[in-house]
């Protein structure tokens, strides 16, 4: 079966449009943290917010984290119910190809949170480091 060049280009462009783009390295107003820094923050009692989908959180998550699905539950008032605007907060999702923690960090900064930490490596890096999960 022959595939025309136009058909091939269409298929390739469609596949590329579904590819995930990398999460930003930085979020304006937030501090990007590594896994070592994230572990130090959780050891200090800083609140971790998991902004992944319900199914991901239910399957496994960073121990002691709180779930707010970015697309379902993440609002200023929901976040305020968990952590005050003058308290530190860490946002994470499914790693470097997940945009959710960057978006959540950006929104929190816009809403007035002053101590926002963006854990870009997120759950995959945490798990790979052998740190506590549930």
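Kindly provide the set of residues from the stretch 122-134 that are surrounded by fewer than 23 Cβ atoms within 10 Å (Cβ to Cβ) and either touching a helix residue (DSSP H, G or I) at 6+ places or on another chain (Cβ under 7 Å) or under 15 Å from residue 23 (Cβ atoms) (or both), ordered by number.
Correct list: 124, 125, 129, 131, 133.
May I ask you to verify whether residue 74 is in contact with a strand residue (DSSP E or B) (Cβ under 9 Å, 6 or more places away or on another chain), surrounded by 16 or more Cβ atoms within 10 Å (Cβ to Cβ) and within 13 Å of residue 48 (Cα to Cα)?
no
Coordinate-derived values only; no laboratory data. The structure displayed is predicted, hence computed values, not measured ones. A quick note on method: Cβ atoms are made from the backbone with ideal geometry, for glycine too, and the neighbour counts reach across all protein chains shown.
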